[in-house]
1. Of all residues in segment 129-158, how many are open to solvent by 70 Å² or more (accessible area, probe 1.4 Å), over 12 Å from the mean Cα position of the chain (by Cα) and within 25 Å of residue 65 (Cβ to Cβ)?
2. When residues of segment 112-140 are filtered for being touching a Phe, Trp or Tyr at 6+ places or on another chain (Cβ under 7 Å) and at pLDDT below 95, how many remain?
3. Only one of (1) open to solvent by 60 Å² or more (accessible area, probe 1.4 Å); (2) part of a loop (DSSP other than H, G, I, E, B); (3) of a type outside the set (A, V, I, L, M) fails for residue 121. Which number is that?
4. Against the definition (in contact (Cβ under 8 Å) with a residue 40 or more places away in the chain, part of a strand (DSSP E or B), within 23 Å of residue 17 (Cβ to Cβ) and among the basic types (Lys, Arg)), how does residue 138 come out, yes or no?
5. Take segment 49-89 and flag every residue that is under 22 Å from residue 18 (Cβ atoms), of a type in the set (Gly, Ala, Ser) and out of contact with any strand residue (DSSP E or B) (no Cβ under 8 Å at 6 or more places or on another chain).
6. Being under 16 Å from residue 153 (Cα atoms) and of a type in the set (A, V, I, L, M, F, W, C) is the filter here, so list the residues in segment 95-135 that pass it.
7. So which residues in segment 61-76 are crowded, with 16+ Cβ neighbours inside 10 Å, of a type in the set (Gly, Ala, Ser) and free of Cβ contacts under 8 Å to residues at least 40 places away in the same chain, if there are any at all?
Amino acid sequence: MAAFAVFGFTMNAQGDLNAGVNLGLPIGDAGDGWTFNVTLDVNYLWDAGENFQAGVATGFSHSFGDSVDTGFGTIDVEDAQFLPIAGAARFGVSDQFTLGADLGYAVGISEGNDGGFYYAPRAQYSISESLDIVLSYRGVSLDGGSFDVLNLGVEFGL
């Protein structure tokens, strides 16, 4: 009987592992010093209700620095890197369209980057059972500003 209980729990606890690759444009404050962004994502989601999944998300975000004219000369802005650690939620609006968000903390990896509160609302369109197109807005609230990126990418079900 205990074996059936353990097996039943294991079957119910299974979730979906997903990985994504995104390209983006830094906007707002970040658009002044960075030109382009590449983000790798991983999330693990399990069913939490009808058309609703919850789980955890992480990844790696790299924004490429630019040369900026300050009026007193040109400076080279260093690349910015973040490692988000977040909770994730997804709501299936239809069979092909999903809305969601990741909320947590983005650890600053690059020098002088302390990180901050991380938020990433997103919309996904399913191309196939294991491939989605994802449009997301990723923001990190930093001391004295924010680091925002508009991303477009793909997510693969693993």
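1. 2
2. 2
3. That leaves (2) as the condition not met.
4. Considered against the rule, which asks whether it is in contact (Cβ under 8 Å) with a residue 40 or more places away in the chain, part of a strand (DSSP E or B), within 23 Å of residue 17 (Cβ to Cβ) and among the basic types (Lys, Arg), residue 138 comes out as yes.
5. Start the filter on segment 49-89 by keeping residues that are under 22 Å from residue 18 (Cβ atoms), which leaves 49-62, 81-89.
Pick out the ones that are also of a type in the set (Gly, Ala, Ser) and you get 49, 54-55, 57, 59, 61, 86-89.
The answer is 49, and nothing else.
6. 97, 99, 101, 120, 123, 127, 131, 133, 134, 135
7. Within segment 61-76, just 65 meets the criteria.
Let's see how each residue does on (1) closer than 20 Å to residue 106 by Cβ; (2) exposed (fewer than 14 other Cβ atoms within 10 Å of the Cβ); (3) touching a Leu at 6+ places or on another chain (Cβ under 6 Å):
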residue: 14; (1), (2), (3): no, yes, no
residue: 37; (1), (2), (3): yes, no, no
residue: 49; (1), (2), (3): no, yes, no
residue: 59; (1), (2), (3): yes, no, yes
residue: 78; (1), (2), (3): yes, no, no
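The values are calculated or read from the model by the stated rules, or taken from the named source; none is laboratory data. Remember, it's a predicted structure, so these values are computed and weren't measured experimentally. So basically every Cβ, Gly included, is an ideal-geometry build from the backbone, and we count neighbours across all protein chains shown. Note: accessible area is taken over every heavy atom of the protein model, side chains too, but ligands, DNA and RNA are not part of it. Shrake-Rupley method; radii C 1.70, N 1.55, O 1.52, S 1.80 Å.
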